[in-house]
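Before any comments, here is the structure.
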Amino acid sequence: PGVRKRPPLAPMAAAAETTATTLYVNLATPDAAESVAATDVDGVGLLRAEFMITGALGGAHPAAMIAAGRRQEYIDDMTAGVEHIAAAFAPRPVVYRAVDLRSNEFAALEGGDVEPDEDNPMIGYRGCFRYVREPELFSLDLDVLHRVRQRLPNVHLMIPFVRTRWELAECLAQLDRHPLGADRGMHRWIMAEVPSVAYWIPAYARLGIDGVSIGSNDLTQLTLGVDRDSGVCKDLFDTMDPAVLDAIDRIIDRAHGCGLTTSLCGQAVSTDPRLAEHLVRRGITSVSVTADSAARTRRIIAAAERRILLDHARASARTKE
Ligand code: PEP
Ligand code: MG
């Protein structure tokens with residue numbers, strides 16, 4: 001009597017792993033934003049806006065929209081999509097990558113006949129170089145980010161496929177001439193996708209960037225000389241190849257040496273746990289993976305960090321013996 005039965009214990013919720021390495025997700029469209037944002041991720045490391053053009057914006061070529069007097073419509077629609085994602089993740093960061101459509105992909109859009117016909121579009125008219133030649137295209141990205149950041153300052157800019165110092169300088173000058181340039185709270189990222197980036201990082205850092213995100217899909221393709229989309233050559237495409245790992249290591253080391261934040265947002269880290277561990281051992285700041293592999297990657301990173309701590313503890317115990 002008087003003894004009250006205890007209520008049954010609630011099942012213990014699995015404690016979320018915390019890791020020193022930041023875990024971002026790659027996202028392409030607003031539809032899954034809320035559900036992905038509800039999971040244990042630290043933000044969006046790569047927002048590929050290209051899919052919003054081909055999807056939500058009805059597949060019209062941005063230049064064709066400008067020519068047809070529909071520029072504002074483009075800005076409004078893209079702003080709505082990016083805002084949706086930024087709001088779902090706020091205050092966590094969302095890294096918006098400026099549109100990196102290759103000429104062959106742009107050509108497939110409505111009004112895409114303005115595109116040059118290139119034999120090698122993957123190493124052709126794309127990325128940062130396009131913004132030098134067509135500032136009006138880059139100004140679409142800048143207008144969208146400027147509008148979004150009025151309300152949601154967790155969105156940042158990433159410039160893809162940087163090949164030379166002068167094109168990056170020109171691109172950043174365009175940014176500085178735009179009202180967004182005065183917004184010093186916005187981080188400026190570049191993607192490291194061309195092997196020459198490893199050499200150029202100190203020069204790029206001096207131009208005033210904050211972070212370098214390794215696009216291992218393009219970096220692997222260009223380091224090994226293997227078309228990433230070729231079914232015939234797919235056995236040759238290997239991000240764990242020592243030459244690719246060496247390029248990745250040099251990019252991380254040089255970037256950290258210049259005080260820059262580092263990330264890797266290519267596909268390989270979502271599929272190969274060995275790469276995640278390799279990157280953690282190199283001290284990368286963050287990785288960005290597909291939403292369906294985020295929980296597994298968090299566990300892999302947490303386990304790798306524990307092993308590294310243990311290795312260090314054992315090594316220092318041995319030196320004291
Ligand atoms: C990459 O190249 O690794 C990357 C993330 O960019 P995309 O796959 O969109 O070319
Ligand atoms: Mg790429």
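Every read-out reported here was derived from the displayed coordinates using simple, explicitly stated rules and does not represent laboratory data. Just so you know, these numbers come straight off a predicted model, no measurement behind them. Reconstructed Cβ throughout: ideal geometry from the backbone, glycine too, with neighbour counts over all protein chains shown.
Within the shell defined by Cβ-Cβ distances under 13 Å, the residues around ALA64 carry a net charge of -4, with Lys and Arg each +1 and Asp and Glu each -1. For the chain, dividing the convex hull volume of the Cα atoms by the residue count gives 201 Å³ per residue.
Taking Cα centroids, how far is segment 43-62 from segment 167-226 in Å? Taking the Cα centre of segment 167-226 as reference, the centre of segment 43-62 is 20 Å away.
Sorting ILE308, ILE214 by the number of Cβ atoms found within 10 Å of their own Cβ, with the fewest placed first, yields ILE308, ILE214.
Count the net charge of all other residues whose Cβ sits under 10 Å from the Cβ of ARG307, scoring Lys and Arg as +1 and Asp and Glu as -1. Net local charge, ARG307 excluded: -1.
Rounded to 0.05, the FRET efficiency of the ASP227 and ARG318 pair, given R0 = 56 Å and the Cβ-Cβ distance, is 0.75. In the chain, the sites counted are trypsin sites (Lys or Arg not before Pro) in DSSP loop states with at most 11 other Cβ atoms within 10 Å, and the longest stretch holding none of them, exclusive of the sites, is 6-183. Going from the fewest other Cβ atoms within 10 Å to the most, the residues MET158, MET186 appear in the order MET186, MET158. Positive contributions from Lys and Arg (+1) and negative ones from Asp and Glu (-1), summed over other residues with Cβ under 13 Å from the Cβ of VAL132, come out at +1. Helical content alone sets the calculated 222 nm signal of the chain at -14500 deg cm²/dmol, taking -39,500 (n - 2.57) per DSSP H segment of four or more residues and averaging over every residue.
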